[in-house]
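Let me begin by presenting the structure, written as structure tokens, before commenting on it.
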Amino acid sequence: MLFIKNVTIKEALLFLLFAGMILAAKWTVNLLVKKRKWKSIQKDRIMQGITSLVNWAAFYGIIILFLLYFSREQWLFYTLFIAGEVEVTLYLIIVAFLTVSLANQLVKVFTKYVLTSVYEFYGVDRGLDYKRDRTCFSTFDAK
């Protein structure tokens, strides 16, 4: 814990306050979406998409807030280990996690909401639907 000794209690509390505000906004939007009753399946799917988007925004918002708020701290850029010629820091690990998880989430949304609607429109068989989803997911996820 010596590496975070430069962070004051005031800074930590302000970060927690802003993170709490993000979570409060997320919970409020999700509550409003849940209370709203939708008549059609299509509108229900849109509301599920909005809920998913709000959850992502809160998750990534807190991580990005963390990176921006503590970007001047040396402990965030302290070299944990060296892999080849790359100095691996906590900052690098967090940014790599953000990149990979965002790509993964975008592919999941694409296959769940966009491709499902396309398959229903064209009347594609469920087994073929699953195979195409897995192929799409594997193709995008591999990059």
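Before moving on, here are some points about what is shown:
- Among residues of segment 47-102 being assigned to a helix (DSSP H, G or I) and among the small types (Gly, Ala, Ser), the one that is farthest from LEU13 (Cα to Cα) is GLY49.
- Qualifying residue in segment 3-17 (condition: under 23 Å from GLN105 (Cβ atoms) and either in the same structural domain as LEU67 (by TED's automatic domain parsing) or modelled with pLDDT of 90 or more (or both)): no
The values are calculated or read from the model by the stated rules, or taken from the named source; none is laboratory data. This structure is a prediction, so every number in the text was calculated from the model and none was measured. Note: ideal-geometry Cβ built from the backbone for every residue, glycine included; neighbour counts use all protein chains shown.
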